[in-house]
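The structure appears right after this line, and notes come after that.
The values are calculated or read from the model by the stated rules, or taken from the named source; none is laboratory data. If you're wondering where the values come from, they're calculated on a predicted model, not measured in any experiment. Glycine gets a Cβ as well: all are built from the backbone with ideal geometry, and neighbour counts include every protein chain shown. Note: areas computed on protein heavy atoms with side chains; ligands, DNA, RNA excluded. Shrake-Rupley method; radii C 1.70, N 1.55, O 1.52, S 1.80 Å.
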Amino acid sequence: MNGVAIALSKGRILDETLPLLARAGIVPSKSPETSRKLVLPTCRPGVSLVMLRAQDVPTYVQYGAADLGIAGKDVLLEHGAEGLYQPLDLRIGVCRLAVATRRGVDWAATVQRGARIRVASKYVNVAREHFAAKGVHVDLIKLYGSMELAPILGLADAIVDLVSTGNTLKANDLVAVEEVVPITSRLVVNPASLKLKRALVQPLIEALGAAVDERAGAIA
Ligand code: PRP
């Protein structure tokens, strides 16, 4: 693609991403929230937005099909994000990855018993590393959504999922029993794009960095 493409994903995070991009002087010609178009030109010459599934953002940027991307640290950790330059913590999408169980379960005792524990998650790689580091043996079950259902229906003893307000856990009678890792969204950049399209890419990184600081100042 001529110019520079920034990979974004739809969903809740877009509500924070679009104002941050606007602060950095990047405004799409149409709203990605309502448009069915997957490539959206912006007011900034040579810069377009491409709309992907969150889990695909690192892959597009890794292969250089998109030059930059905005992805949650959860997605980057699960993907591996090998070879991606990560110049900025955008300080949006603040939440955490946590282990959660049904309310009333004695999680510490379950872990101590050492019996194999079943853990369901979209983040099986992150979960595997988390439990391995603690020396806890778990059987992992890969899911693609509605993870909160797994402990309710007895598919798993625990889940590893994102917790933001905690409302979803609460509504499903679950509680967070361990924090895995704090999460925010990051800017990722293809290293070859940074070299070959530096005149376009570098100012974008700087504008986004300034927008992050400005936003932090406005919130404080
Ligand atoms: C995430 C996560 C939880 C929920 C937690 O899902 O999987 O279900 O948000 O947020 P809360 O603590 O504020 O209730 P999301 O809405 O991002 O959709 P997803 O299931 O497609 O990941």
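If only residues of the range 79-97 that are out of contact with any helix residue (DSSP H, G or I) (no Cβ under 6 Å at 6 or more places or on another chain) and part of a strand (DSSP E or B) are counted, the one that is nearest to Val124 (Cα to Cα) is Arg96.
Name every residue in the range 28-40 that is open to solvent by 70 Å² or more (accessible area, probe 1.4 Å) and of a type outside the set (Ser, Thr, Tyr), in order of residue number. Once the filter is applied, which keeps residues that are open to solvent by 70 Å² or more (accessible area, probe 1.4 Å) and of a type outside the set (Ser, Thr, Tyr), the range 28-40 yields Lys30, Glu33, Arg36, Lys37, Leu38. Among the residues of the range 46-58, those identified as more than 19 Å from Lys195 (Cα to Cα) and open to solvent by 10 Å² or more (accessible area, probe 1.4 Å) are Val50, Met51, Leu52, Arg53, Ala54, Gln55, Asp56.
Residue by residue through the range 103-117, note down the ones that are crowded, with 17+ Cβ neighbours inside 10 Å and in contact (Cβ under 8 Å) with a residue 40 or more places away in the chain. The answer is Trp107, Ile117. Criterion applied to Ala71, Ala100 was being open to solvent by less than 10 Å² (accessible area, probe 1.4 Å), within 16 Å of Val212 (Cα to Cα) and not in a loop (DSSP other than H, G, I, E, B), and the one residue passing it is Ala71. Can you find a residue in the range 207-217 that is of a type outside the set (Asp, Glu), surrounded by 13 or more Cβ atoms within 10 Å (Cβ to Cβ), under 23 Å from Lys73 (Cα atoms) and within 15 Å of the ligand (Cβ to nearest atom)? No, the range 207-217 contains no residue that is of a type outside the set (Asp, Glu), surrounded by 13 or more Cβ atoms within 10 Å (Cβ to Cβ), under 23 Å from Lys73 (Cα atoms) and within 15 Å of the ligand (Cβ to nearest atom). Looking only at residues of the range 138-158 that are in contact with a strand residue (DSSP E or B) (Cβ under 9 Å, 6 or more places away or on another chain) and within 9 Å of the ligand (Cβ to nearest atom), we find that the one that is least open to solvent (accessible area, probe 1.4 Å) is Met147. Among the candidates Val188, Val180, Val201, the residue that is within 16 Å of the ligand (Cβ to nearest atom), in contact (Cβ under 8 Å) with a residue 12 or more places away in the chain and not hydroxyl-bearing (Ser, Thr, Tyr) is uniquely Val180.
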